[in-house]
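What follows is one structure encoded as C-alpha cells, with my remarks underneath.
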Amino acid sequence: MIRSMRKVALVAAMATAAAAQAACGGGGGVSSDVDDYITALASYADTLCGCFAEFGYNTKDECLADAFQAPTAAERDCIVAAYESDSTAADNLSCLLSVQATYNSCVASSLVCTDDTSLDDCDTQASAAAENCPALPAAVDTAVQDCFQ
C-alpha cells in the first residue's frame, strides 16, 4: 500500500500541472474545463483514499489532505488565462480529460486496498494514452508553471 500511497502523493504533486494542462477546450469553455479536470483529479484521490487505513491514516479526510490539494483561486485563474492565450492548447485538454475519465473508471473498478499491483494496468494504459495527447504549446506550459511561483 505504500506504493499506492505514493501514487496518491504523486497525484497531489502533479495536480497543479495536470490541472493546468487540462485548462482548455470543451463545450463549457476554459474555466469550466479547468474545474472539470480538477474535479476529476479530486475524484481519483477520493477513490484511492478509500484505502486510508491501509495507507496508515486514521481517517479518509487525513488521507485526502495529503493526497490532493486543488490549485488556489488565484492559481486557477492564472491557469485559465494561460490556456486562453493560445487556442491550439484546446486539443490537449480534450485529450487529457478523456484520459483522466478513463483512468478514474479503471481505478474505481480495479483498486484492491491490499494489493499494491491492482492499479498497474490502469497506470500503464493511462500513461500510454496521455503520451498520445497533443503537446501543450511551450509558451502555455511556461505560463502555467509561472502560475505556481
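A few remarks follow.
- Selection count, region 100-126, where residues are part of a helix (DSSP H, G or I) and either in contact with a helix residue (DSSP H, G or I) (Cβ under 6 Å, 6 or more places away or on another chain) or under 24 Å from Ala82 (Cβ atoms) (or both): 10
- Number of positions in region 74-120 that are farther than 24 Å from Leu136 by Cβ, surrounded by 15 or more Cβ atoms within 10 Å (Cβ to Cβ) and charged (D, E, K, R): 1
- Single match in Ala18, Ala53 (criterion: modelled with pLDDT under 80, within 29 Å of Thr114 (Cα to Cα) and not polar (S, T, N, Q)): Ala18
- Against the list (1) at pLDDT 95 or above; (2) over 18 Å from Leu41 (Cβ atoms); (3) hydroxyl-bearing (Ser, Thr, Tyr), the condition Ser87 fails is (1).
The values are calculated or read from the model by the stated rules, or taken from the named source; none is laboratory data. Given the structure is predicted, the values throughout are model-derived calculations rather than measurements. Heads up, the Cβs are rebuilt from the backbone with ideal geometry, glycines too, and the neighbour counts pull from every protein chain shown.
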